[in-house]
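All remarks here apply to the structure that follows.
The values are calculated or read from the model by the stated rules, or taken from the named source; none is laboratory data. Being a predicted model, the structure only gives us computed values, none of them experimental. Cβ atoms come from the backbone with ideal geometry, glycine included; neighbour counts cover every protein chain shown. Heavy atoms of the whole protein, side chains included, go into the accessibility calculation; ligands, DNA and RNA do not. Shrake-Rupley method; radii C 1.70, N 1.55, O 1.52, S 1.80 Å.
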Amino acid sequence: VLKKQVEYEEGTPLIEGIQVEDTMLYEYLKVDNQKVFSYIVNLTEEINHHEELHPDRITWEDENMNLYFEGVRVNLGKSNYGEKVAQLPAVLPSLKDQRGTLRMEHYTSNNKKFSFEKSIAE
């Protein structure tokens, strides 16, 4: 832990899906699920390679990692984050102003298919 603050910092995604014990400056972060935490660390490293990607939230839910960009949920599954995140700068602009789920959980270098499921307007 390098910084603790109460205020939200613009450009920093909210992370949900892990429980964090009390934090101490300059100590390792203590979490309830180290494996999921390592997934989140790997994912954020991949996101940082793409300056144009700014997710609102990162969540671990139903055994899947998800990114949220305004009205779009990106389901990444639990592996191959680098391959999947690399596709997002080209795909997300075409989904601007839409709501739904970009299903990338089965995307790999051998299976380059993913789909977008629009949300039904309420």
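Here are a few things to note about the model shown:
- Yes/no for residue 103 being in contact with a strand residue (DSSP E or B) (Cβ under 8 Å, 6 or more places away or on another chain), within 15 Å of residue 54 (Cα to Cα) and at pLDDT 95 or above: no
- Any hit, the stretch 46-56, residues being surrounded by fewer than 16 Cβ atoms within 10 Å (Cβ to Cβ) and part of a strand (DSSP E or B): no
- Residue within the stretch 38-56 that is farther than 27 Å from residue 86 by Cα and out of contact with any helix residue (DSSP H, G or I) (no Cβ under 6 Å at 6 or more places or on another chain) present: no
- Residue 119 meets all of the listed conditions (1) over 26 Å from residue 19 (Cβ atoms); (2) in contact (Cβ under 8 Å) with a residue 40 or more places away in the chain; (3) open to solvent by less than 40 Å² (accessible area, probe 1.4 Å) but one, namely (3).
- Residue within the stretch 37-51 that is modelled with pLDDT under 90 and more than 23 Å from residue 5 (Cα to Cα) present: no
- If you filter the stretch 57-73 down to residues that are surrounded by 12 or more Cβ atoms within 10 Å (Cβ to Cβ) and among the charged types (D, E, K, R), you find that the one that is farthest from the chain's Cα centre (by Cα) is 70.
- Residues of the stretch 74-86 classified as surrounded by 15 or more Cβ atoms within 10 Å (Cβ to Cβ) and either of a type in the set (Ser, Thr, Tyr) or under 17 Å from residue 58 (Cβ atoms) (or both), total: 8
- Contacts under 7 angstrom Cβ, first residue in the stretch 100-112 being open to solvent by less than 20 Å² (accessible area, probe 1.4 Å), partner acidic (Asp, Glu), 6 or more apart: 100/117; 107/83
- Within the stretch 1-43, considering residues that are of a type in the set (Gly, Ala, Ser) and assigned to a loop (DSSP other than H, G, I, E, B), the one surrounded by the fewest Cβ atoms within 10 Å (Cβ to Cβ): 11
- Scan of the stretch 64-122 for residues that are in contact with a Leu (Cβ under 8 Å, 6 or more places away or on another chain), among the charged types (D, E, K, R) and in a loop (DSSP other than H, G, I, E, B), ordered by number: 105
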